[in-house]
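Peer 1: Structure provided below as structure tokens; questions to follow.
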Amino acid sequence: FLEDAKRDLGFLHRFMQHPDGGFSATMDADAQGMDGHVYQAMDDAGRLRTGRPRIDTRRYAQVQGIMIAALADLSGAMPDPALLKDARATEAWTETHLSEGGAYRHAEGQPGLFLADQAGMLQGLLALFEATGEGAYLDRAVALADRVEGSFRDRSGLYRARAASPGDLGAFAEV
């Protein structure tokens, strides 16, 4: 398990991590017009010669929350202080760039709030609290959970994938 985690972390740090905090969302499976199955079956040298697939460099709140949680959780299993440092840096970037009124926008410059982003960040904040014992992360997680209740739960008790936004009509406005 730990060897797999080290290999995956190496990939994430090499290709997906941003220097100022956070992680890119995705990497395409296909490269240079080559089918993804063929590309993924190559060894590292073959992949490097072929070229890297396109990376979506946007940083989505859901992805950041999942990465924060993974790094914080791994910090308890691996003796690597960089894991918690990276988790904190990702959380700090997300708080600075995606936080809006106690919740998280999907991406920079993209208005609107989505339940999946809030769930990812709740997971990350709780994992950071568990890894560090710092109450500020728990306080923010509780406040975010309250915001989810107020913004995503409708009158029937179900949760909507998207919070209502100004100008919404019909069912989208009924939260």
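The values are calculated or read from the model by the stated rules, or taken from the named source; none is laboratory data. Predicted model, so just to flag it, every value in this text is computed and none were measured. Don't worry about glycine lacking a Cβ; one is built from the backbone with ideal geometry, like all the others, and counts go over all protein chains shown. The area values use the complete protein model at the heavy-atom level, side chains included, leaving out ligands, DNA and RNA. Shrake-Rupley method; radii C 1.70, N 1.55, O 1.52, S 1.80 Å.
Peer 1: Along its three principal axes, how long is the chain when you only count alpha carbons? Whole Å, largest extent first please.
Peer 2: 55, 41, 27
Peer 1: While we're looking at this one, here's another question. When the helix-only estimate is applied to the chain (DSSP H runs of n ≥ 4, each -39,500 (n - 2.57), divided by the residue count), what is the mean residue ellipticity at 222 nm, nearest 500 deg cm²/dmol? Mind showing how you got there, number by number?
Peer 2: Values: 7 runs with 92 residues, N = 175.
Result for the chain: -16500 deg cm²/dmol, rounded to the nearest 500.
Peer 1: Sticking with this structure for a sec: Tell me the per residue accessible area of the chain using a 1.4 Å probe; a whole number in Å² is fine.
Peer 2: Working: 9740 Å² over 175 residues.
Using a 1.4 Å probe on heavy atoms only, each residue of the chain averages 56 Å².
Peer 1: Any idea what angle helix 61-75 forms with the longest principal axis of the chain, computed on alpha-carbon atoms, 0 to 90 degrees, nearest 10?
Peer 2: 60 degrees
Peer 1: What number in nm² do you get for the range 70-164 if you take the convex hull of its Cα atoms and divide its surface by four?
Peer 2: 6.3 nm²
Peer 1: Same structure again: Which of GLY112, GLY120, GLY36 ends up with the largest GNM mean-square fluctuation for the chain, with Cα atoms connected below 10 Å?
Peer 2: GLY36
Peer 1: Taking amide H atoms as placed 1.01 Å from N in the peptide plane, list the residues 5 or more away in sequence, or in a different chain, whose amide H sits under 5 Å from that of ARG160.
Peer 2: ARG153, ASP154
Peer 1: Ignoring ligands, DNA and RNA, please state the percent of accessible area on the range 43-175 from carbon and sulfur, probe 1.4 Å.
Peer 2: 56 percent
Peer 1: Among PHE1, LEU84, ALA45, flag the residue with its Cα farthest along the positive direction of the charge dipole of the range 1-108, charges on Cβ as +1 for Lys/Arg and -1 for Asp/Glu.
Peer 2: Selected residue: ALA45.
Peer 1: Could you tally the net charge around HIS97, taking each other residue with its Cβ under 14 Å from the Cβ of HIS97, Lys/Arg +1 and Asp/Glu -1?
Peer 2: -3
Peer 1: Mind listing the long-range amide H neighbours of ARG59? Cut-off is under 5 Å, sequence gap 5 or more, other chains count too, H placed in the peptide plane at 1.01 Å from N.
Peer 2: Residues meeting the amide H criterion: GLU108.
Peer 1: Something else: Considering only HIS18, HIS37, HIS106, give the residue with the highest GNM mean-square fluctuation for the chain, with springs between Cα atoms whenever their separation is below 10 Å.
Peer 2: In this elastic network of the chain, the residue with the biggest mean-square fluctuation among HIS18, HIS37, HIS106 is HIS37.
Peer 1: Where Lys and Arg each count +1 and Asp and Glu each count -1, what net charge lies around ALA61 among other residues with Cβ under 9 Å from its Cβ? Could the numbers behind the result be given before it?
Peer 2: Working: positive: ARG59, ARG105; negative: ASP117.
Computed value for this residue: +1.
Peer 1: How far apart, in nanometres, would the label points at HIS13 and ASP44 be if each is projected 7 angstrom from Cα along the Cα-to-Cβ direction?
Peer 2: Going by the 7 Å Cα→Cβ label model, 1.2 nm.
Peer 1: Using unit Cβ charges (K, R positive; D, E negative) and no other charged atoms, how large, in debye to the nearest 20, is the dipole of the chain about its Cα centre? Present the calculation step by step, with values, prior to reporting the outcome.
Peer 2: Values: 18 positive and 26 negative charges, 59 e Å.
Dipole magnitude for the chain comes out near 280 debye.
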